[in-house]
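Below is one structure, written out as structure tokens, with a few remarks after it.
The values are calculated or read from the model by the stated rules, or taken from the named source; none is laboratory data. None of these values were measured; they are calculated from a predicted model. So basically every Cβ, Gly included, is an ideal-geometry build from the backbone, and we count neighbours across all protein chains shown.
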Amino acid sequence: MVYNNLHISGAKGYGQAGASHTRRALKGFNPMSGSPREDIDDNNYTLRQRGRMLTMSAPIAASAVKTNRTNTIGLGLKLNPRPDRAILELTSEQAKEWERGVKAEFRMWAEHKQRCDITGINDFYMMQQLCFYSWLSSGDVFVVRKEGETPNCPYTLKLHVIEADRCSTPADGLAYTIGVTEGKNPDNCNRIYDGVEVNKEGGVVAYWFRNTYPYQITYEKTDWVRIEAYGQKTGLPNVMHIMNTERPEQYRGVTYLAPIIEPLLQIKRYTDAEIMAAVAQAFFSVFIKSEAATGMDGMPFNEVGDGQEADDQVSYDPNEYEMGSGNINVMNPGESVELVETKRPNSGFEPFFKAMCKQIGAALEIPAELLIKEFTASYSASRAALLEAWKAFKMYRNWFTSSFCKPVYEIWLSEAIARGRVNAPGFFSDPLVREAWLGSEWIGPSQGQLDPVKEVNAEILSIQNGLTTHEAAAAKINGSDWDTNIDQLEMEFRKVDELEDRLSRLTMMEEEDREDDSDSDEEI
């Protein structure tokens, strides 16, 4: 469209900058973006498999995923009940007593594999590690609430962790269902997006799970089961979907490694090539050109290995020359070998590798120092890197507790109260009171210290000036619980006092004995 023969529509503002179609650098840069279903769901199978394979085979990818898991989850996020004392009108002593009882009850369920895991393989804290690892490598993971009786356990709650591949849109009658991501529930006409059923308003109402994996070699027929997202009577979640959204109306997660799949693969190939070149140079062989025929009575020519075992020899073909450590090959008349100097290891490999790690770390919010576990910079630089990384770790921990830990705690506490194991008046009658009883914190691994003396002194000053609390400082410094620390210290100090009193009495008795001996000597 022409305006006053002066300006063409699209050649204003960003049309002359990032949206330009005439600038040479941007002429061929014409990406197309569609709905989350087109951009994510249609490509998610490929992204998931590639991300998972890189996690298993590329060291930097494995480091990125495991570093996140270790710092965010560690040995597991521990429950710290925090009921709202003001709403519940509890004294601090009453609240602490309630918290101790709930912790003991929760430990009885969470620390036993058979009591909390339907498969009996992981306890609750191991499941946290599994779910977080699977979330990062696959993009999302599902936990289904189930029930089952367990000897010596009053609770029936059990959890079933289901991998992302098994949540898919039903496609009965098709041999391969990878490309089928969108469908419709014939019973209620709800749309199904890659296994997630949503209503007309876009709200998630159910999930569809298949009993087999895509391309799984099995004689079992593939069937789907529909599980409602929330219980109709209780409102408690039946399925906990652990994922991180990056676009509105996105119903499936994307692997954590998605933005860096290509550079990760290229770095892996480059690393493999450098290793192979170094190995080839280390396997430098001796080649002898001879006009004389060689027989079996001579040297063990054309052999790889030490010659002691038949399996050590790769080939017996006299016309095949092989590389191997300390290998000697006799060549046929008229043959020669020219060796090219490889100059391995390549001196430019490490600087290039670290430069790429910086870019990968920036994309994943993990500083390169933490990604490759190399802290050679100054104290200030290393501390800044750790602080920056922990911003992301804390954010991931908050997402994970909201998606998994808190829903599980709500389901478990509801059963504990219903069975009379925990006393919480008003829990089932008043939603506000219910939320007050459900208050909780989940304590995970601490950030750690590069210089413990400086950082502990900083926490002491913060406490003295009212900038933090003893409880927050204990969780930050070593992930411990301040109340537990105080109880333990009280017991330890009491034992120390008793020991000092005992030693003091023994000392006094020894002095009295010495005085009596001295008086006896004087009398004599």
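Given (1) modelled with pLDDT of 60 or more; (2) of a type outside the set (G, A, S); (3) loosely packed, with under 13 Cβ neighbours inside 10 Å, where does T271 come up short, assuming only one miss? Only one criterion is unmet by T271, namely (3). In the range 222-262, of all residues being charged (D, E, K, R) and part of a loop (DSSP other than H, G, I, E, B), the one that is nearest to R397 (Cα to Cα) corresponds to E246. Going by the structure shown, is S57 within 30 Å of V196 (Cα to Cα) and either surrounded by 10 or more Cβ atoms within 10 Å (Cβ to Cβ) or modelled with pLDDT of 80 or more (or both)? So S57 fails the test. When residues of the range 60-104 are filtered for being closer than 22 Å to W412 by Cα, acidic (D, E) and surrounded by fewer than 17 Cβ atoms within 10 Å (Cβ to Cβ), how many remain? Adding up the residues that qualify gives 2. Please determine, by comparing only the residues of the range 441-460 that are under 21 Å from S402 (Cα atoms), modelled with pLDDT of 80 or more and out of contact with any Cys (no Cβ under 8 Å at 6 or more places or on another chain), which one is surrounded by the most Cβ atoms within 10 Å (Cβ to Cβ). Looking at residues that are under 21 Å from S402 (Cα atoms), modelled with pLDDT of 80 or more and out of contact with any Cys (no Cβ under 8 Å at 6 or more places or on another chain), I get G444.
Each residue in the range 404-434 was checked for being under 18 Å from P237 (Cα atoms) and exposed (fewer than 14 other Cβ atoms within 10 Å of the Cβ), and 3 pass.
Filtering the range 118-132 to residues that are surrounded by 14 or more Cβ atoms within 10 Å (Cβ to Cβ), under 19 Å from the mean Cα position of the chain (by Cα) and of a type outside the set (S, T, Y) leaves N122, D123, F124, M126, M127, Q128, Q129, L130, C131, F132. Take the conditions among the basic types (K, R) and modelled with pLDDT of 90 or more and apply them to K343. Does it pass? No; evaluated as a whole, the condition is false for this residue.
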